[in-house]
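Enquirer: Quick one: the structure is below, questions incoming.
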Amino acid sequence: GFSGAGKSTLVDLIPRFIDPTCGVVRMGGVDIRELGLSDLRSKIAMVGQHTFLFNDTVYNNISYGNSSASREQVIAAAKAAYAVDFIERLPSGFDTVVGEGGMSLSGGERQRLAIARAIYKDAPILILDEATSALDSESERQVQEALETLMANRTTLVIAHRLSTIEHANRIVVLEHGKIIENGTHEELVKQNGVYANLHRIQFSSA
């Protein structure tokens, strides 16, 4: 959907950043309001277009919330997110303090750390909200490969403007003005010749 269609609002229901005014969100058949917040959110990893980093080291930002972090696992997650090269160029490598909000890093570098954090967390539910929006084309291609590995065998919700990132999804949902107007596979939606098909034509004719 277009900006403002309600995509981020929809996925914000899952970690209970907001609660529905009607209806129920269930995880494994259980109303998520019956779960403790910490238990619910421990099962979710998120990578958003606006990455939040703490005024702490690269290492602690990747392993956030895990006091028993293995350095080997943190480095492996950074490699999978194609972040190791820029991390090793920092003054103290993984022990470099990135500043409040990661202000010493570029947008693409901050996003790679957020992806590394999600890879390290290895949660059963993954939410990607424009997760590669700050990356250049080559970096996006590399990180997309890492994300495809990360998405295997888990429930993944992907918010994307670039349709190439969601073509292989099991189900694609199209939103407009806060309402679901189409849903199906890529092939089904192209055949419907509706909003999704039109977006697809626009993007790939200008590619």
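Enquirer: If we keep just the residues of the stretch 74-98 that are open to solvent by 80 Å² or more (accessible area, probe 1.4 Å) and touching a Ser or Thr at 6+ places or on another chain (Cβ under 8 Å), which is farthest from SER3 (Cα to Cα)?
Expert: My answer is ASP95.
Enquirer: In this structure, is VAL190 surrounded by 14 or more Cβ atoms within 10 Å (Cβ to Cβ) and free of Cβ contacts under 8 Å to residues at least 12 places away in the same chain?
Expert: Spelling it out, VAL190 is indeed surrounded by 14 or more Cβ atoms within 10 Å (Cβ to Cβ) and free of Cβ contacts under 8 Å to residues at least 12 places away in the same chain.
Enquirer: Right, next: Hand me the list of helices (runs of 4 or more DSSP H) wholly inside the stretch 1-93 holding 2 or more residues that are touching a residue at least 12 places away in the same chain (Cβ under 8 Å) and touching a helix residue (DSSP H, G or I) at 6+ places or on another chain (Cβ under 9 Å).
Expert: Per the criteria, 37-42, 58-62, 71-80, 84-89.
Enquirer: Then there's this: Among the residues of the stretch 50-65, is any surrounded by 15 or more Cβ atoms within 10 Å (Cβ to Cβ), touching a Gly at 6+ places or on another chain (Cβ under 8 Å) and of a type in the set (Val, Ile, Thr)?
Expert: yes
Enquirer: Where in the stretch 98-206 are there helices (runs of 4 or more DSSP H), lying wholly inside it, with at least 1 residues that are touching a His at 6+ places or on another chain (Cβ under 9 Å) and among the acidic types (Asp, Glu)?
Expert: 137-151
Enquirer: Starting from residues that are among the acidic types (Asp, Glu) and open to solvent by 40 Å² or more (accessible area, probe 1.4 Å), keep the ones in the stretch 149-187 and report whichever is farthest from the chain's Cα centre (by Cα).
Expert: Result: GLU187.
The values are calculated or read from the model by the stated rules, or taken from the named source; none is laboratory data. In this text, all values refer to a predicted model and were calculated from it rather than measured experimentally. Every residue, glycine as well, gets a Cβ built from its backbone with ideal geometry; the counts of neighbours run over all protein chains shown. Ligands, DNA and RNA are stripped out before the accessible areas are found, and what is left, the full protein with its side chains, is counted by its heavy atoms. Shrake-Rupley method; radii C 1.70, N 1.55, O 1.52, S 1.80 Å.
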